[in-house]
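Undergrad: Can you keep this structure in mind? I'll have questions shortly.
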Amino acid sequence: MAKKWIAIGSILAMLSVLIGAFGAHIIEPIIGEERLTTYETGVQYHMMHALGILIIALIANSFGPKKALEWAARLMFIGIILFSGSLYVLSITGIGIFGAITPLGGICFITGWILVVVSVLKK
(Lines give C-alpha, C1' and ligand atoms only; values in the text may rest on other atoms or scores of the structure.)
Protein backbone atom coordinates (compact mmCIF):
# COMPACT_ATOMS: atom_id res chain seq x y z
CA MET A 1 0.00 0.00 0.00
CA ALA A 2 2.67 2.50 1.02
CA LYS A 3 4.73 2.44 -2.20
CA LYS A 4 1.67 2.95 -4.38
CA TRP A 5 0.38 5.91 -2.36
CA ILE A 6 3.83 7.50 -2.05
CA ALA A 7 4.02 7.44 -5.85
CA ILE A 8 0.47 8.76 -6.27
CA GLY A 9 0.94 11.47 -3.62
CA SER A 10 4.21 12.57 -5.21
CA ILE A 11 2.66 12.77 -8.68
CA LEU A 12 -0.28 14.75 -7.29
CA ALA A 13 2.07 17.16 -5.51
CA MET A 14 4.04 17.67 -8.72
CA LEU A 15 0.80 18.29 -10.64
CA SER A 16 -0.21 20.85 -8.02
CA VAL A 17 3.01 22.78 -8.64
CA LEU A 18 2.52 22.59 -12.42
CA ILE A 19 -1.13 23.67 -12.18
CA GLY A 20 -0.17 26.51 -9.84
CA ALA A 21 2.53 27.71 -12.23
CA PHE A 22 0.08 27.51 -15.12
CA GLY A 23 -2.32 29.69 -13.16
CA ALA A 24 0.29 32.23 -12.13
CA HIS A 25 2.01 32.61 -15.48
CA ILE A 26 -0.53 31.80 -18.16
CA ILE A 27 -4.14 32.22 -17.11
CA GLU A 28 -3.88 35.00 -14.53
CA PRO A 29 -4.27 37.79 -17.11
CA ILE A 30 -7.14 35.93 -18.78
CA ILE A 31 -9.44 35.03 -15.87
CA GLY A 32 -9.12 38.04 -13.58
CA GLU A 33 -8.29 38.42 -9.91
CA GLU A 34 -11.52 37.04 -8.38
CA ARG A 35 -11.46 33.84 -10.41
CA LEU A 36 -7.71 33.53 -9.84
CA THR A 37 -8.38 33.46 -6.09
CA THR A 38 -10.75 30.52 -6.66
CA TYR A 39 -8.10 28.81 -8.78
CA GLU A 40 -5.45 29.33 -6.10
CA THR A 41 -7.76 27.81 -3.47
CA GLY A 42 -7.93 24.71 -5.66
CA VAL A 43 -4.14 24.60 -5.90
CA GLN A 44 -3.71 24.98 -2.12
CA TYR A 45 -6.13 22.17 -1.27
CA HIS A 46 -4.62 20.04 -4.04
CA MET A 47 -1.15 20.34 -2.51
CA MET A 48 -2.34 19.93 1.09
CA HIS A 49 -4.11 16.70 0.29
CA ALA A 50 -1.33 15.38 -1.96
CA LEU A 51 0.86 15.78 1.13
CA GLY A 52 -1.93 14.17 3.15
CA ILE A 53 -1.73 11.12 0.89
CA LEU A 54 2.04 10.98 1.47
CA ILE A 55 1.46 11.20 5.23
CA ILE A 56 -1.09 8.37 5.04
CA ALA A 57 1.44 6.22 3.18
CA LEU A 58 4.06 6.89 5.86
CA ILE A 59 1.54 6.08 8.60
CA ALA A 60 0.72 2.82 6.80
CA ASN A 61 4.44 2.07 6.72
CA SER A 62 4.66 2.59 10.50
CA PHE A 63 1.36 1.10 11.67
CA GLY A 64 0.95 -1.48 8.94
CA PRO A 65 -1.53 -1.37 6.09
CA LYS A 66 -5.13 -0.98 7.21
CA LYS A 67 -8.33 -0.76 5.21
CA ALA A 68 -9.17 2.56 6.87
CA LEU A 69 -5.87 4.05 5.68
CA GLU A 70 -6.39 2.72 2.17
CA TRP A 71 -9.83 4.34 2.10
CA ALA A 72 -8.47 7.56 3.57
CA ALA A 73 -5.95 7.81 0.72
CA ARG A 74 -8.63 6.97 -1.85
CA LEU A 75 -10.97 9.61 -0.46
CA MET A 76 -8.25 12.26 -0.52
CA PHE A 77 -7.50 11.35 -4.13
CA ILE A 78 -11.19 11.61 -5.03
CA GLY A 79 -11.41 14.82 -3.00
CA ILE A 80 -8.60 16.39 -5.04
CA ILE A 81 -10.43 15.54 -8.25
CA LEU A 82 -13.81 16.81 -7.03
CA PHE A 83 -12.77 19.78 -4.90
CA SER A 84 -9.72 21.15 -6.69
CA GLY A 85 -10.81 19.94 -10.11
CA SER A 86 -14.17 21.69 -9.84
CA LEU A 87 -12.47 24.91 -8.69
CA TYR A 88 -10.05 24.75 -11.62
CA VAL A 89 -12.87 24.28 -14.12
CA LEU A 90 -15.07 26.90 -12.43
CA SER A 91 -12.32 29.51 -12.43
CA ILE A 92 -11.27 28.88 -16.03
CA THR A 93 -14.75 28.60 -17.56
CA GLY A 94 -16.78 30.79 -15.22
CA ILE A 95 -19.56 28.17 -15.30
CA GLY A 96 -21.04 28.37 -11.80
CA ILE A 97 -22.60 24.88 -11.70
CA PHE A 98 -19.12 23.43 -11.17
CA GLY A 99 -19.16 25.08 -7.74
CA ALA A 100 -21.88 22.61 -6.73
CA ILE A 101 -19.36 19.76 -7.02
CA THR A 102 -16.80 21.36 -4.70
CA PRO A 103 -18.50 20.45 -1.38
CA LEU A 104 -18.51 16.77 -2.37
CA GLY A 105 -14.73 16.95 -2.55
CA GLY A 106 -14.67 18.66 0.84
CA ILE A 107 -16.72 15.81 2.31
CA CYS A 108 -14.20 13.35 0.87
CA PHE A 109 -11.34 15.27 2.49
CA ILE A 110 -13.05 15.40 5.89
CA THR A 111 -13.99 11.71 5.79
CA GLY A 112 -10.45 10.80 4.78
CA TRP A 113 -8.97 12.65 7.75
CA ILE A 114 -11.51 11.01 10.09
CA LEU A 115 -10.42 7.61 8.78
CA VAL A 116 -6.79 8.47 9.50
CA VAL A 117 -7.68 9.28 13.12
CA VAL A 118 -9.78 6.12 13.48
CA SER A 119 -7.00 4.03 11.96
CA VAL A 120 -4.24 5.20 14.28
CA LEU A 121 -6.41 5.08 17.42
CA LYS A 122 -7.79 1.61 16.68
CA LYS A 123 -5.79 -1.19 18.24
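Undergrad: Quick check: is even one residue across the stretch 87-100 among the aliphatic types (A, V, I, L, M) and under 11 Å from the mean Cα position of the chain (by Cα)?
TA: Scanning the stretch 87-100 turns up no residue that is among the aliphatic types (A, V, I, L, M) and under 11 Å from the mean Cα position of the chain (by Cα).
Undergrad: Where in the stretch 24-109 are the helices (runs of 4 or more DSSP H), entirely inside, with at least 2 residues that are touching a residue at least 24 places away in the same chain (Cβ under 8 Å) and within 15 Å of Trp5 (Cα to Cα)?
TA: Once the helices (runs of 4 or more DSSP H) in the stretch 24-109 are filtered for at least 2 residues that are touching a residue at least 24 places away in the same chain (Cβ under 8 Å) and within 15 Å of Trp5 (Cα to Cα), what remains is 33-63, 67-79.
Undergrad: Which is at pLDDT 90 or above and buried (at least 16 other Cβ atoms within 10 Å of the Cβ), of Ile31, Ile78?
TA: Ile78
Undergrad: Being crowded, with 24+ Cβ neighbours inside 10 Å and within 23 Å of Leu115 (Cα to Cα) narrows it down to one residue among Leu54, Leu104, Leu69, Leu87; which is it?
TA: Leu69
Undergrad: Next question. Any residue in the stretch 3-17 that is under 17 Å from Val120 (Cα atoms), hydroxyl-bearing (Ser, Thr, Tyr) and surrounded by fewer than 17 Cβ atoms within 10 Å (Cβ to Cβ)?
TA: no
The values are calculated or read from the model by the stated rules, or taken from the named source; none is laboratory data. Please read all numbers here as calculations on a predicted model, not as lab measurements. As a convention, Cβ positions derive from the backbone with ideal geometry for all residues, glycine included, and neighbour counts pool all protein chains shown.
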